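Following: one structure in structure tokens, then a few remarks.
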Amino acid sequence: MKFLNYTYKQLNLFLLLMAVFVLLLIYRQTIVPTFNLYRECGQMELQLEKAQNATTRLNILKSEYRRLNKIAGNSKLTNEEIRQAILSNTNLFTDAAHIASIKEPHVYTADNMEVVTHQVDIQGNFKELITITNQFENKFTDARLSALKFYTVEDNRTKKNSLYGTFYFQNFKKQ
């Protein structure tokens, strides 16, 4: 019997070291993987929840995209077609006001987006210009009315003031 040569103190120390070794072995082989699996299970539950909500989230994003395109005036029309639409709609909305001038469109390009700004000066009385403004904001979908400026010009011969409205239309296009 080999263990008879050792004292009880040495045997108890050996037994204690073996117990610690067995506990470390149990900890490494069973408890650590269990905690890892518990964490992975929580992460997978979150992923599953996100996957179940993906279709709802996708529908919300699609409707938001359509709403933003409507607001931005995302049109597939060319600049000339938009200009013609502005002219024809101005004539449809009122007969008394008339177009004083149309500037060349200003094009700004950044981040795969092209912003085209059309500037139109319309002469008329205040009521007509407000009516045209309301119609462009509510019924014109080819471009968005982004800004409006009223100003008067005095005719030197007749000494009468004429009211003008400068309408700024913007259209956003993806490149």
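For this structure, a couple of remarks:
- Heavy-atom accessible area for residue 109, with the other protein chains in place and a 1.4 Å probe, reaches approximately 70 Å².
- Cross-link reach list, aspartates and glutamates versus residue 159, counting only Cα pairs under 20 Å and skipping chain neighbours closer than eight places: none
- Extension gain from residue 55 to residue 81, taking 0.36 nm per residue of separation minus the Cα-Cα distance: 5.7 nm
- Full extension of the chain between residue 45 and residue 162 gives 35.2 nm of extra length, using 0.36 nm per residue less the Cα-Cα distance.
- Legend: calculated FRET efficiency, residue 65 to residue 121, from the Cβ-Cβ distance at R0 = 41 Å, rounded to 0.05, equals 0.75.
- Of the solvent-accessible surface of segment 13-97, computed with a 1.4 Å probe over protein heavy atoms with every protein chain present, carbon and sulfur atoms account for 66 percent.
- The chain: DSSP helices with Cα axial extent of at least 27 Å and average Kyte-Doolittle hydropathy no lower than -1.0: 32-52
- Placed amide H near residue 146: partners under 5 Å, 5+ positions off or other chain: 168, 169, 170
- Among (1) 16.8, 52; (2) 38.0, 133; (3) 26.3, 87, the entry that matches Rg and Dmax of the Cα atoms in Å as calculated here: (2)
The values are calculated or read from the model by the stated rules, or taken from the named source; none is laboratory data. Keep in mind the model is a prediction, meaning the values are calculated, not measured. Cβ coordinates were reconstructed from backbone atoms using ideal geometry, including for glycine residues, and neighbour counts include every protein chain displayed. Remember, those area values only see protein heavy atoms, side chains included, never the ligands or the DNA or RNA. Shrake-Rupley method; radii C 1.70, N 1.55, O 1.52, S 1.80 Å.
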